[in-house]
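Computed from the coordinates by the stated procedures, all read-outs in this text should not be read as laboratory data. This is a predicted model, so every value here is computed, not measured. Positions of Cβ are backbone-derived with ideal geometry, glycine not excepted, and every protein chain shown enters the neighbour counts.
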Amino acid sequence: MKRSRIITQQKKVPSITEIPNHIISDIFSRLSVKSIFSCRCVCKTWCNLLLDPNFAALHYARAPQGVILHFITQRDLYLEVESSGSRNSSRGSTSNAVVTKLNTKLEFPERMPHRLNSCNGLFLFIKFGFPITCSIYNPITGEYMILPQDKNDAFSQIGFGLGFSQKTNQFKVLRISFYTKILMQLKAEIHTVGTNSWRSIGGDVLPKLCCPSPQSIFLNGALHWMPETLLSSNLIDINSFDFENEEFQSIPLPAQFGVERITRTARLGLLGGCLCIYDTSFSPQLDIWMMKDYGVKESWTKQYVIETPEFSRSFHPVRILDNGEILFVKCVIGILAYNPREKKFRDVGVSWLPKENFLPIDFTSSFVSLKNAATGQHFQQNE
C-alpha cells in the first residue's frame, strides 16, 4: 500500500520591501515624531522616503495638535502631545501628556533668541542687536535659516510676524519699522522665504496697528495679535495681517471688554480651532471667550468660567483635549488638565520638567525642510 505523500505549501510572507512606497508613507505618517526619527535610521530607502516633501505634507495633515514649552533661561524646547490612549475615547477618560525634549541645533552664542510666533510647524525668532538677526527655525528637524538683514539705521525694526500663503504655497515674514526721527512714521515690508530681499507692501501703516507680539496667533491665512497700546479710546479690535492679500485688518472683540482690560490683562489664544481671549488679571476666576464664527463679533461666547486654585494670571489654556478637558500650562508648575464637568484640575503626569518660567507655543509637528520651504515644495498635495 502506497502512502500518500502530503505536500504542504507554505505561503510566502511578503517582505516589507515589496510594499509600495505610497503605502509605507501612509503608515509612517501616522507614527509619532520619535518613531519617525527611528525609522529614518533603518535604511537609506526609508530615509529618502521620509525626507520627501509629499511625506511632510501627509504627516502634517495628520499630526496631532501639540504644545512647545520654551524655557526662558535656557535653550531647551519640550514638545507635548496628547497621549494616544485618549484620542478614541468617547467616555471622557483621562490621559497623561507625552513630553519629549527636542534636540535644538540653534548655534547662537547667547541664550535662545526671542521667539515671536509659529506657523505650520516653523518658528520665527529674533536676536536683538544691530542689526537685528531674524531666523526661521524648525524644532523637529533642527534646521534654521537666517533672513536678509537691514542695515539701514534710519529705521528701527519693532515688529515681526511669520505667516503662510496657500495661494502661492510660500512662507512670508512681516516686518514693521519706524523712522527713528519720527516715531509715528511706520512702514511695513514683506520677505518671501527663499528670496534675498524685503519689499514694501505700500500704503500707510496706521499707528493703531501695533506690532505683532510673542502671543501672535496664525489662523485662516492671517496673523492675529492683541493691541498693547491704543491711541483711540474707541478702538476695541484684534489686529491682524492677511498674508494672502498682504493687508492689515481688524477683528472685533466682545463688547463686554473695555479698553483698559484689553491692553493690560487680556490675552489672545487658540482653542478648538477658534480665536479665544482670556483674562489674566490677578483674580482666582478665569473667563475664556471663544469666537465661534470667525470674524463675526456676535459669535463671541463666554465658553468657560473657571475657578483657579491661584491667580488666573499664571494659567494659560492651550488646547481642548478629545475627552473634553482643557489643557493648561502654568509657569513653574508645568502642565494641568481641567475637567469642565467636574470643575477640577488634575496633573497630567509630567513632574520632571524644569521648575522654571516658560512660554507655551501652540504647535503642530512638521517635517518640512527649510530648503523645500524656500522653493514652495513643502506642502504639495499628493496626486
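Can you put C39, C276, C119, C47 in order, fewest other beta carbons within 10 Å first? Each step should come with its number before you reach the end.
On the way: C39 16, C276 21, C119 24, C47 12.
Ascending number of Cβ neighbours within 10 Å: C47, C39, C276, C119.
Annotation: amide H-H contacts under 5 Å for I238 (H modelled 1.01 Å from N, sequence separation of 5 or more, or interchain): I251, L253.
When peptides 318-328, 159-169, 244-254 are sorted by average Cβ neighbour count within 10 Å, with the highest value leading, the order is 318-328, 159-169, 244-254.
Summarising the amide proton neighbourhood of L321: residues at separation of 5 or more, or on other chains, whose placed amide H is nearer than 5 Å comprise I326, L327.
In order along region 268-278, phi translates into HN-Hα couplings of 9, x, 9, 9, x, x, 10, 5, 9, 10, 9 Hz, rounded to whole numbers, per the Karplus curve 6.51 cos²θ - 1.76 cosθ + 1.60 with θ = phi - 60° and x for Gly and Pro.
Legend: residue pairs K187/K330; K302/K371; K101/K297; K292/K330; K172/K344; K127/K343, Cα-Cα distance threshold 32 Å; pairs beyond threshold, K187/K330; K302/K371; K101/K297; K172/K344; K127/K343.
For V296, V329, the sequence from fewest to most other C-beta atoms within 10 Å is V296, V329.
Between the amide H of L271 and those of C276, distances stay under 5 Å, these residues lying 5 or more places away or on another chain, with hydrogens modeled in the peptide plane.
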